[in-house]
Amino acid sequence: MSQTIIIFGASGDLTSRKLIPALYQLERKKRLDKPCRIVGVSRTPISDTQWREKLQNTTREFLGERFDQNCWNAFAPMIHYFVGDVEKQETFPKLNAMLQSLENDEPANRLYYLSTAPTFYAATVKQLGGAGMADESHGARRVIIEKPFGTDWETARQLNNDVHRVFQERQIYRIDHYLGKETVNNLLVLRFANAIFEPIWNRNYIDHVQITANEEVLVGRRAPFYEKAGILRDMFQNHLLQLLTFTAMEPPARFDADAVRGEKVKVLHAIRGMSPEEAAVNTLRGQYRSYRSESDVAPNSRTATYAAVRLMIDNWRWKDVPFYLRSGKGMSCRTTQIIVQFRRPPHLMFAKSGGNFETYPMPEIDANRMLIQIQPAEGIQIHFLTKVPDTEMQMRQTEFQFNFRESFRGELPEAYERLLLDAMHGDASLFARSDEVEAAWRIIDPIQSTWDNSLQSAPDFYEVNSWGPPAAADWIRRFGHEWFDSCPLLRGESL
Ligand code: BG6
């Protein structure tokens, strides 16, 4: 069936940086259902032609060499613009009339993309309902809701209630772009399409897990948003907990939205809650030193730009296996990685050569390790000990390695390509369900409120271009572990 994609908040950055380039790529790969129309809705009064020109420039800028003028010329006529204010009720019947005319009054599937400021989500959904635009008698009506989905459990629950008044859960797609990343999807394949990893993927063989999402970028002009959000709401409630659920979930019976999301929710429910005292021990926060001098940041701001959190999952598979999650802005390199640290062998028969390990890079971590690089340098390494030739019995960490770009030619697609296509086809497996979002907030809220209420302590400062506050190393050592601080580098990769 034909398809109409309606983007609310069309003049925002997300539309030009991510959504339009992703839709253009889908057109280039001939994956869009035809006919397809893309309608941007925003208050800025510009014409279709002006909007197409603007998007052509930004798409060329973001795609670089992948931009093809002929393909753009075929794609551009699909793009339309509607001047409208989502706060005004009269916008919606007019928009609906415009959509019907573009659709030639024929049935069409519609995908509403809410990319406005989050404060407008509930009102926009309500107006869509009021104008009969959620009614499915002339094609599917689906809605994608951008993050952040609420700012805590209470607001997320309220938003879920508001959206459920108009759309059924099967029509709702809460987006987390991490779930569209190839390397994140590959976690499911690694674990559930291979037989050799799953038998050791549990407390009997795994000592602990480290999930890191470090960025070099600073907060910059996003400060008004960031001051209120901070790193926990911005990165942990969504991206990091999604990585954790993919790493820790039980094998779903089928790859479908209910089965996959059901297993993820079970993991979130099994994460041990924290009292304020426990949160004080099991979390650490930081702020990069120049943060307070960014514009729109309060001179005494206590907003965290770095956090490390230790979570325990109380179930048979993971009992007593800590999951360390950390993320920061202003880090020394951009890397998102999952380290699965295996246990040491129960008995080392090389006692004679004990202490004679030539271990690399960290003498404390000499057991097997799986390093899953989500980005950049996408791939997987397995570290294991090997005998150093021409020595009595010295050993050194060596590795097996898989590198996506080496093994599969061509660019890895952008996360939004996959997610937009799935939503258009009605597959919600890679989108967050209402109970999932609420369960994630239930984990984050007690930590955030402990931080907000502990007036005597502030985030530890750290230098830009570092691995976070110096205290982070002592913090994890207290639990008997070491951070695996390694900038991504896979052999054969030019970064
Ligand atoms: C966004 C956060 O959701 O994810 C940003 O709001 C962050 O603060 C971004 O920079 C990171 O995404 P990626 O895909 O670059 O890891």
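Observations
- Here the spin labels are modelled as points 7 Å beyond Cα on the Cα-Cβ line, and at Y205 and D474 they lie 3.7 nm apart.
- Using a Förster distance of 51 Å, the FRET efficiency for N315-E90 (Cβ separation, nearest 0.05): 0.45
- Under 5 Å, built H, 5+ apart or other chain: amide partners of Y81: G40, D48
- Per-residue HN-Hα couplings for segment 113-128 [Karplus 6.51, -1.76, 1.60; θ = phi - 60°; Hz; x = Gly/Pro]: 10, 8, 10, 7, 4, x, 4, 9, 4, 5, 5, 5, 4, 4, 5, 4
- Hz values of 3J(HN,Hα) by residue in segment 38-46 - Karplus curve (6.51, -1.76, 1.60), Gly and Pro given as x: 10, 10, x, 10, 7, 7, 4, x, 9
- Rounded Å value of the spacing that divides the Cα centres of segment 203-259 and segment 142-163: 18
- Ellipticity estimate at 222 nm from DSSP helix runs (n ≥ 4, -39,500 (n - 2.57)) divided over the chain, nearest 500: -9500 deg cm²/dmol
- Projecting the Cα atoms of G379, Q397, G426 onto the charge dipole of segment 378-478, computed from C-beta unit charges around the Cα centre, puts Q397 farthest toward the positive end.
- Alpha-carbon centroids, segment 36-98 and segment 108-125: separation in whole Å: 16
Readers should treat all values here as calculations from the given coordinates under stated rules, not as data from a laboratory. Keep in mind that what you see is a predicted model, and the values were worked out from it rather than measured. Quick reminder, even Gly has a Cβ in these numbers, built from the backbone with ideal geometry, and neighbours come from all protein chains shown.
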